[in-house]
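What follows is a set of notes on a single structure, which appears directly below.
The values are calculated or read from the model by the stated rules, or taken from the named source; none is laboratory data. Remember, predicted model here, so these are calculated numbers, not experimental data. We place every Cβ from the backbone using ideal geometry, glycine too, and count neighbours over all the protein chains shown.
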């Protein structure tokens with residue numbers, strides 16, 4: 001599996017669903033690849049099955065978002081807060097990089113403006129890998145643009161906009177609200193610490209067992225211990241009474 005340092009190593013990807021109120025782990029999964037959008041709803045459904053309750057709000061990492069998932073979110077009862085990868089990178093300093101698509105603004109008439117202020121018009125419609133429509137927008141000319149070197153090395157700049165982009169814009173608008181920011185900040189304090197606790201406090205930095213099914217079972221045991229700690233923390237008096 002490819003890691004953040006771009007090196008590929010033998011490894012597993014462990015996913016955790018956790019309840020906000022007490023930090024109880026409600027579902028886990030182990031995969032042989034990095035986070036992909038197809039992993040999101042099976043993990044949520046497993047959490048619903050384990051708890052016997054539907055969830056009001058769901059937050060997840062950007063690796064779980066896709067246009068297909070955004071469409072499915074429209075038909076589910078949960079309120080989702082899932083950013084896309086470009087939304088996260090759009091807040092970073094891109095002065096030393098080529099202008100990404102986030103630098104292009106949409107106009108009311110359906111055209112786009114490039115960072116240099118030129119109008120980009122839709123020139124044709126194409127099909128995406130999953131059979132949906134996408135539109136190609138292009139500038140009329142870029143040769144006289146003062147910032148061409150920061151945008152493109154070609155004669156004209158093009159961008160590809162998926163027909164389902166309004167769903168992504170809707171999610172971004174929700175994440176930019178005060179409530180959206182608050183919800184996603186909760187995720188960072190709920191999910192990230194438990195994985196850090198595995199390595200720093202529990203010393204679980206590698207598997208003791210080999211093979212997918214054994215590694216999956218080992219991770220379940222780690223999460224069972226996490227839940228026992230929550231029980232002791234919140235119901236310690238009752239446990240002592242039984243003792």
Before we move on, is residue 232 surrounded by 14 or more Cβ atoms within 10 Å (Cβ to Cβ), free of Cβ contacts under 8 Å to residues at least 40 places away in the same chain and in contact with a helix residue (DSSP H, G or I) (Cβ under 9 Å, 6 or more places away or on another chain)?
no
Given the conditions (1) surrounded by fewer than 11 Cβ atoms within 10 Å (Cβ to Cβ); (2) at pLDDT 90 or above; (3) within 17 Å of the chain's Cα centre (by Cα), and given that residue 189 satisfies all but one, which numbered condition is not satisfied?
(2)
Are any of the residues in the range 195-208 in contact with a strand residue (DSSP E or B) (Cβ under 8 Å, 6 or more places away or on another chain), in the same structural domain as residue 29 (by TED's automatic domain parsing), assigned to a helix (DSSP H, G or I) and at pLDDT below 90?
yes
Consider the range 209-243. How many of its residues are modelled with pLDDT under 85 and in a helix (DSSP H, G or I)?
10
So which residues in the range 1-17 are surrounded by 10 or more Cβ atoms within 10 Å (Cβ to Cβ) and over 16 Å from the mean Cα position of the chain (by Cα), if there are any at all?
1, 2, 3, 11, 12
Could you check, for the range 35-49, whether at least one of its residues is in contact with a helix residue (DSSP H, G or I) (Cβ under 6 Å, 6 or more places away or on another chain), surrounded by fewer than 17 Cβ atoms within 10 Å (Cβ to Cβ) and touching a residue at least 24 places away in the same chain (Cβ under 8 Å)?
yes
Could you tell me which numbered condition residue 113 fails, if it satisfies all but one of (1) touching a helix residue (DSSP H, G or I) at 6+ places or on another chain (Cβ under 9 Å); (2) modelled with pLDDT of 90 or more?
(1)
Quick one: which residue in 57, 69, 75 is in contact with a strand residue (DSSP E or B) (Cβ under 9 Å, 6 or more places away or on another chain) and surrounded by fewer than 16 Cβ atoms within 10 Å (Cβ to Cβ)?
57
